[in-house]
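Input: a single structure, listed below in structure tokens.
The values are calculated or read from the model by the stated rules, or taken from the named source; none is laboratory data. Quantities reported herein were computed from a predicted structural model and do not represent experimental measurements. A quick note on method: Cβ atoms are made from the backbone with ideal geometry, for glycine too, and the neighbour counts reach across all protein chains shown. Side chains are part of the model used for accessible areas, which takes the heavy atoms of the whole protein and leaves out ligands, DNA and RNA. Shrake-Rupley method; radii C 1.70, N 1.55, O 1.52, S 1.80 Å.
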Amino acid sequence: MGDVMVMMNEIEATASRLGIDQSQIDLDSIRLPPGDNFGIISDDEEVYEDDQLEFDSGFGNIIVVGNLPVVSKEKFEKLEGVIRKIYSQIGVIKDDGLWMPVDPQTHKTLGYCFIEYNTPQEAELAKEKTNGYKLDKAHIFAVNMFDDFDRFMKVPDEWGPPEFKPYTPGTLRVKLKGVDNLQQWLTDEKARDQFVIRAGSDTEVLWNDARHLKPEPVYKRTYWTESFVQWSPLGTYLATVHRQGAAVWGGADTFNRLMRYAHPQIKLIDFSPGEKYLVTYSSHEPSNPRDANRVVINIFDVRTGKVMRDFRGSADEFAVGGTGGVASWPIFRWSGGKDKYFAKLGKNMISVYETETFSLIDKKSLKVENVIDFSWSPTDPILSLYVPELGGGNQPAKVSLIQIPGKEELRQKNLFSVSDCKMYWQSSGDYLAVKVDRYTKTKKSTYTGFELFRIKERDIPIEVLELDNKNDKIIAFAWEPKGHRFAVIHGDSPRPDVSFYSMGTAHNTGRVSKLTTLKGKQANALFWSPSGHFIVLAGLKGFNGQLEFYNVDELETMATAEHFMATDIEWDPTGRYVATAVTSVHEMENGFNVWSFNGKLLYRTLKDHFFQFLWRPRPPSFLTPEKEEEIAKNLKKYSKKYETEDQDVSMLLSEQEREKRKMLKDEWEKWVNEWMLLHEEEKLERQGLRDGEASDSDEEEEYEAKDIEVEEVLDITEEVLPFDD
């Protein structure tokens, strides 16, 4: 009531200041527009409605914690502090969001409390993590959602059969219009691919319409993400990152939000290869400056949004090599294909977890003294790990292959005088290349060689490869996807060499062989086509975007080009097109180019403040090898349809180009005629300004042409000739 009186006083004071007599105002005659917002739509409403985590207006964000100790008022604050400490680790408790009722007669607590979080997701997580939590021998928490009590109170006295709801197509729990087929984009009749770009505050998904030499918009949204976007590995979902967590989007025609994952102050995300799980990461400043940052990692089930496992600790616990080391993302690395295992590197150990229970295999980590790196085979549950030299070289470095879950060592290779090692798996898991930097005898310099493991062959044979000039610096290495070849950039900048090797030979001798070496190339990065056969040799950063499109089958250059200051290069998932981009790292010429596989520039798009370009990945083909072989044999039959369509598009583009030229010509002629008419209208005015003398004449002026010769000294050469007597 007091607030109303204050408001009325303010209204009277304002009316008096403006000289308005309130008694003359007929309030009943005022008609406001209908609706809660009176017809005035705020620009922010859609942002708050769609991009922020929902803050439940009911009781879905409140939990009830039972079986707490019953304490007197002397111990009330201590118990409240313990409960707050436990539950504030899971999420943000609202101000005055912890209430522990007290018996008014005994002044003792009643053995339960209410906790209110900012979001229902945090409340659900708190219930899941702490129900059954053992505070001491006599007090094991019983945690329920506040909304559950309302449901329990409505249980009918008599039993009735459960209500069966009709099935609604949908991949996730949500049933939204347009999300019944999350793979519909793969059925595009034109066999196009999609990509996402982020420029300024806009994020946009587009079709790559190479036939029409331009992108076709699919979906655009402002402030769709607060940080970055990321496709899932099979292209089903687009993930966005926000202050309160992450979200995934998908659908047939538009991108609907499918699921949210609550994780305040999230910094990074990572999908498992099969898209079953989403890993989120955050790092929090400690209250004590001397302490390390506090790290929180959650692993969510993508479809349900449920937290399957969380990891918390100091940044040192997640750093490579332990305290003082550097944390590298992703901290958890997934085994290939089936999302069955994931692993983390620790001090003198590798912790391998299985996703059935999200616990350590055999309930213990794999102990490996001084291990500093590991990687998974892309297709099999095989770990490769690297251990450097110990004891000043008395104990050699080694690379080992470990079978999971049995932790059986399949192969080991000891390495001597090692400076550094880096492991490269081929995408099909057939080969492993280990780049080994070794010290010379004087220890003053290093040289590089390769240890090549043939994983699928009996006893896993290993070959040693040294470059023709073993002192060459290795700038880049890349396997051919699904193939047996690899490329190496080696030598000194600015014009290193590029060599191609094959793991298979025509005579099946089982030895690596060199195919060719390209001398003096302006390249420092390699980008193989996803289907193999073709590669882009790129000169990024200091090489200013030099591009060479190379056919490895024919060992010939298809085209050379340049995208000045290019920062990113990415093949589309089919290997038909290449995108090059200049992101906001450079202030000038931001945007992207799309090229054909053989180096023809198809179209160019400029975008200010350009941040990201990502092709949408495709899942593996469902075609059998026999079907693929049949299509390859009958490619001419299938290609006729597309050649006809291409011809139609070409004719349409030609017609459009003719119409465009005709329109420009008509505009020019119209402009010329308007100026000629104006020129004629101003003729008398010009004569008046010149005292009646015409400034222009209809008669043609006579001109006399003269030829003028000009001599110019181009060069002077002085030569001393011998003089013979």
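Key figures for this structure:
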read-out	value
Label-point separation, SER639 to TYR603 (7 Å along Cα→Cβ), nm	2.5
Lysine pair number, Cα distance threshold 20 Å (strictly under), the range 439-508, separation 8 or more or different chains	7
Pairwise FRET efficiency - SER351 versus THR442, Cβ, R0 = 60 Å, nearest 0.05	0.90
³J(HN,Hα) computed for each position of the range 599-615 - Karplus, 6.51 cos²θ - 1.76 cosθ + 1.60, integer Hz, glycine/proline x	x, 8, 6, 8, 7, 10, 10, 9, 9, 5, 6, 8, 10, 9, 9, 9, 5
Length added when fully stretched, ASP95-GLN687, from 0.36 nm per residue minus Cα-Cα	204.5 nm
Per residue accessible area in Å² of the range 187-272, where ligands, DNA and RNA are left out and the probe is 1.4 Å	35
Accessible area per residue, Å², the range 442-485 with all protein chains present, probe 1.4 Å	57
Span from the the range 93-154 Cα centroid across to the the range 430-465 one, whole angstrom	59
Mean separation of Cα contacts under 8 Å (6+ apart) over length of the range 62-154, as relative contact order %	40
Euclidean distance between Cα centres, the range 336-380 to the range 558-608, Å	38
Separation in nanometres of the label points that stand 7 Å from Cα toward Cβ, at GLU226 and LYS363	4.1
Solvent-accessible area, 1.4 Å probe, carbon plus sulfur percent, for the range 62-154	53
Qualifying chymotrypsin sites (Phe, Trp or Tyr not before Pro) for the range 473-581 [loop in DSSP, other Cβ within 10 Å: at most 12]	PHE564
Solvent exposure of the range 62-154 as accessible area per residue, Å², 1.4 Å probe	60
Surface share of carbon and sulfur [accessible, 1.4 angstrom probe, percent] for the range 389-465	44
For peptides 293-300, 685-692, sequence by mean Cβ density within 10 Å, most packed first	293-300, 685-692
Amide H contacts under 5 Å for ARG303, placed H, 5+ residues apart	none
Carbon and sulfur %, accessible surface of the range 324-385 computed with the full protein complex present, 1.4 Å	52
The range 371-493: C-alpha gyration tensor shape, a/c 1.5 cut-off, then a/b vs b/c	oblate
Long pairs among LYS422/LYS541; LYS435/LYS627; LYS129/LYS347; LYS154/LYS338, criterion Cα-Cα beyond 31 Å	LYS435/LYS627; LYS154/LYS338
Lysines whose Cα lies under 26 Å from that of LYS662, excluding same-chain neighbours fewer than 8 positions away	LYS214, LYS670
Added length on full extension, which subtracts the Cα-Cα distance from 0.36 nm per residue, ASP715 to HIS679	7.9 nm
For peptides 623-635, 461-473, sequence by mean Cβ density within 10 Å, most packed first	461-473, 623-635
Fraction in percent of alpha-carbon pairs per bin - 10 Å, the range 62-154	16, 50, 30, 4
Amide H contacts under 5 Å for LEU602, placed H, 5+ residues apart	VAL594, TRP595, SER596
Derived scalar couplings ³J(HN,Hα) [the range 351-363; Karplus, 6.51 cos²θ - 1.76 cosθ + 1.60; whole Hz; x for Gly, Pro]	8, 10, 10, 10, 8, 5, 10, 6, 10, 5, 5, 6, 6
